[in-house]
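Written out below as structure tokens is the structure these notes cover.
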Amino acid sequence: MPLDRRIFLQSGAAAVVALLHRSGATAPLDREQRAMLGFTAVAASLRDAVVVPPEYEWQLLYPWGTPTGVKGQPMPRFAADGSHSAADQALQAGMHHDGMHFFPLATPDRALLVMNHEYTDEQLLHADGIKEWTAEKVRKSLHAMGVSVIEIQRTREGWQQVRPSPYARRVHGNTPMRIAGPAAGAPLMRTAANPAGDEVFGTFANCAMGVTPWGTYLTCEENFHGYFGGPKEAAKDLTPAQRRYGTVPGSQWVEYWRFEERFDLSRHPNEANRFGWVVEIDPFDPTAKPFKRTALGRKRQESATCTLTKDHRVVVYMGDDARFEYIYKFVSHGKVSPNGGSAANAHLLDEGTLHVARFDAGGRGRWLELVHGRNGINAESGFADQAEVLIHARLAADAAGGTRMDRPEWIAVHPQTGEVYVTLTNNSQRGEPGKPAPDAANPRAANLFGGILRWREDGGDAGSEGFDWDHFALAGDPAQTNSGARYPSGEADIFGSPDGLHFDGGGLLWIQTDMSGQLIGKAPYTSLGNNQMLCADPATGRIKRFLTAPNGSEVTGCVVTPDRRTLFVNIQHPGESRDDGNAAPTSAWPDGTVPGSARPRSATLAIRRRDGGIVGS
């Protein structure tokens with residue numbers, strides 16, 4: 001096994017920690033490592049800036065357009081006027097940084113930072129915006145999404161990118177990759193360009209993520225549907241599955257289909273079935289092809305959080321970020337090889353059972369198998385075989401009777417207790433005519449603020465069929481009449497629309513928010529300010545606001561280093577208003593101080609205590 005992967009496995013970031021809490025053990029923490037929340041809380045704010053506690057400092061790392069540092073390739077610089085080419089963009093940081101992980105390397109103070117690039121703002125991406133679409137713009141847009149693998153090193157001045165690096169890599173919307181698992185080769189996965197149904201170009205709409213115990217990165221294809229289109233008249237022939245997944249000709253966000261044939265749903269309807277998957281990438285081997293793992297089911301993937309059962313099978317928890325969609329769990333058939341790398345464990349994500357969660361009243365829940373021939377999933381309900389169950393996982397979850405949730409997003413597992421936390425971002429349509437009514441797990445009609453739900457698997461085993469659940473927090477402002485907000489203790493700073501979640505090694509829960517840009521600062525969100533990051537101690541219920549973000553931005557992609565001395569976090573889409581696709585940005589962060597003075601750029605922050613102490617203290 002390569003030394004760098006062995007360092008990762010020894011770091012406790014994945015396999016060791018998971019084995020401890022899944023077996024019921026609790027790793028002892030010394031006084032300094034205990035969850036303390038000793039920092040000075042930051043006030044809610046509408047300042048167009050990054051604000052952190054006075055005990056902390058932040059530095060900018062890898063903004064959109066920064067050279068990735070691929071060894072033997074050019075290092076194209078960001079063009080402030082947006083004139084950099086599609087070829088340049090394939091070697092640069094993509095747009096809208098999201099999920100992210102830190103992989104230690106063998107050399108002290110060096111690591112790989114792997115991050116997603118979720119979507120594109122075409123007005124900012126191109127020098128002349130979207131006045132006219134071209135094939136070059138389509139290529140550039142596809143290259144601006146996907147994943148970056150960069151090498152970083154800790155210096156006296158903080159963390160710096162290493163360029164060039166033998167590990168550096170961009171995976172984007174035109175990168176060749178394999179389709180693996182039960183749906184590979186199925187009729188619904190075959191296209192004219194790939195009759196075998198086992199290979200595909202690209203991954204895009206990459207939002208949340210996960211990390212396997214064997215040291216690979218899982219990127220989640222979320223809102224892939226908006227990139228497929230076609231003539232409106234073709235929409236009359238849609239199947240129920242196409243409507244459910246939103247792959248509707250004429251409703252596309254971008255005009256890819258006019259210049260790249262595979263995105264035309266009227267000509268190649270199966271191409272869309274090849275997206276919406278969890279994709280496994282080996283960050284330590286830049287020559288390795290990524291794999292789309294179809295056994296995990298197709299949906300608007302949000303999170304692929306891994307842990308282990310007591311007998312060392314891998315479990316992957318996933319959400320589906322849309323109103324009234326589901327929470328899923330995959331349990332592998334085989335056991336993790338603790339001393340093996342990706343080769344020894346590659347089959348685990350192709351062979352296992354997918355489940356959907358049902359949350360019952362009274363705080364109990366059950367995992368329902370999404371297996372052909374069980375739980376009402378059969379030919380009579382529209383599924384020819386297991387491949388179709390996985391390709392149309394949403395419809396299978398309907399048939400099985402899962403609980404329709406309020407936009408389930410990031411999922412995090414407590415490193416000591418094994419409790420599982422999920423953000424339910426919001427759902428303004430809950431309780432509307434013809435829509436599902438409030439229920440025990442989603443108790444508020446017109447749920448504007450979302451919340452955090454948690455569960456405890458029976459026997460402390462992630463492979464269990466049953467679980468207990470409760471609400472950790474119902475977000476919002478308790479001072480507002482009928483808000484329904486409820487926090488775990490009286491010492492909790494308020495927030496809304498929770499999205500990103502991350503547990504650090506000491507059991508602190510980092511919470512990130514994603515209120516819509518067009519709603520920030522307006523009633524009923526006025527008191528919440530800009531989007532923010534908070535830190536919670538689940539043991540006491542205390543929640544403190546740690547960071548507030550620039551105008552229009554989302555806070556996402558949090559990861560804390562194994563020594564807990566650095567917190568990396570992404571600032572996504574600064575300046576976005578979402579009122580109008582042609583609206584001027586409301587921020588010029590990080591390059592300018594006045595909106596309009598520079599193109600706003602998503603970027604990564606490295607945050608540390610000024611005294612070098614543990615973050616969160």
Given a Förster distance of 41 Å, report the FRET efficiency between GLU157 and ASN378 from their Cβ-Cβ distance, rounded to the nearest 0.05. 0.10
Cα pair distances of the stretch 155-247 binned at 5 Å [whole percent]: 3, 9, 12, 18, 21, 14, 8, 5, 4, 3, 2, 1, 0
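So what's the back-of-envelope 222 nm ellipticity for the chain, counting only DSSP H runs of four-plus at -39500 (n - 2.57) apiece and dividing by all residues, rounded to 500? Can you show the working numbers first?
Numbers: 9 runs with 57 residues, N = 617.
Taking each H run of at least 4 residues, the total per residue is -2000 deg cm²/dmol.
Subtract the Cα-Cα distance of ASP311 and LYS335 from 0.36 nm times their separation in residues, and report this length gain in nm to one decimal.
Details: separation 24, 0.36 × 24 = 8.64 nm, distance 0.73 nm.
Using 0.36 nm per residue and subtracting the Cα-Cα distance, I get 7.9 nm.
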R0 of 56 Å, Cβ-Cβ distance LYS435-GLU55: FRET efficiency to nearest 0.05: 0.75
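What does the accessible area per residue of the chain come to in Å², with a 1.4 Å probe and no ligands, DNA or RNA counted? Spell out each step's value before the answer.
Values: 21200 Å² over 617 residues.
For the chain, the solvent-accessible area averages 34 Å² per residue.
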Would you mind computing, in nm to one decimal, how far apart the modelled labels at SER489 and ALA127 are, each placed 7 Å from Cα along Cα→Cβ? 5.6 nm
Equivalent ellipsoid dimensions for the chain as semi-axes, Å, which come from the Cα gyration tensor, largest first: 31, 30, 26
Length gained, LYS232-THR481, 0.36 nm per residue minus C-alpha separation, equals 85.2 nm
Quick calc: nm separation of the 7 Å Cα→Cβ label points for THR593 and THR107 -> 3.7 nm
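If you take the alpha carbon radius of gyration of the stretch 496-596 and divide it by 2.2 N^0.38 Å, what ratio comes out, to two decimals?
Values: Rg = 14.7 Å, N = 101, 2.2 N^0.38 = 12.7 Å.
It is 1.16.
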All lysines inside 19 Å of LYS329 as judged from Cα atoms, apart from same-chain residues fewer than 8 positions distant: LYS292, LYS299, LYS310
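To the nearest 20 debye, what charge dipole does the stretch 236-332 have about its Cα centre, counting +1 at the Cβ of each Lys and Arg and -1 at the Cβ of each Asp and Glu? Please report the intermediate quantities before stating the final value.
Details: 17 positive and 14 negative charges, 75 e Å.
With only Lys, Arg, Asp and Glu charged at Cβ, the dipole is about 360 debye.
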Once phi for every residue in the stretch 247-258 is put through the Karplus expression 6.51 cos²θ - 1.76 cosθ + 1.60 (θ = phi - 60°), the whole-Hz ³J(HN,Hα) values, with Gly and Pro written as x, are 8, 10, x, x, 10, 5, 7, 10, 9, 4, 4, 6
At 0.36 nm per residue, and after removing the present C-alpha to C-alpha distance, how many nm does the segment from ARG47 to ALA361 gain when stretched out fully? 108.8 nm
Which distance in Å, rounded to a whole number, links the C-alpha centroids of the stretch 374-407 and the stretch 486-505? 33 Å
Tail fraction, Cα-Cα pairs, the stretch 352-493, threshold 19 Å, whole percent: 58 percent
Once you put a point 7 Å from the Cα of ARG77 and another 7 Å from the Cα of SER266, both along the Cβ direction, what distance in nm separates them? 4.6 nm
Can you work out the Karplus-derived ³J(HN,Hα) for every residue in the stretch 504-517? Use 6.51 cos²θ - 1.76 cosθ + 1.60 with θ = phi - 60°, whole Hz, and x for glycine or proline. 8, x, x, x, 7, 9, 9, 10, 10, 10, 9, 6, 4, x
First measure r as the distance between the Cβ atoms of SER85 and ARG244, then evaluate 1/(1 + (r/R0)^6) with R0 = 30 Å and state the FRET efficiency to the nearest 0.05. 0.20
Please state the relative contact order of the stretch 218-367 as a whole percent: Cα pairs under 8 Å, 6+ residues apart? 18 percent
Sequence gap at least 6, Cα distance under 8 Å: using those rules, report the relative contact order of the stretch 440-524 to the nearest whole percent. 21 percent
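So for the chain, averaging the separation of alpha carbon pairs under 8 Å that are six or more residues apart and normalising by length, what relative contact order in percent results? Walk me through the intermediate numbers first.
Working: 1730 pairs, mean separation 93.6, N = 617.
Once divided by the residue count of the chain, the mean separation gives 15 percent.
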Using a 1.4 angstrom probe on heavy atoms only, work out the carbon and sulfur share of the accessible area of the stretch 261-370 in %. 45 percent
So what J values fall out for the stretch 180-192 if you push phi through Karplus, 6.51 cos²θ - 1.76 cosθ + 1.60 with θ = phi - 60°, rounded to Hz, Gly and Pro as x? 10, x, x, 8, 4, x, 5, x, 6, 9, 8, 9, 4
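The values are calculated or read from the model by the stated rules, or taken from the named source; none is laboratory data. Computed from a predicted structure; not experimentally measured. Positions of Cβ are generated from backbone atoms using ideal geometry, with glycine treated the same way; all protein chains shown enter the neighbour counts. With ligands, DNA and RNA removed, areas are computed over all heavy atoms of the protein, side chains included. Shrake-Rupley method; radii C 1.70, N 1.55, O 1.52, S 1.80 Å.
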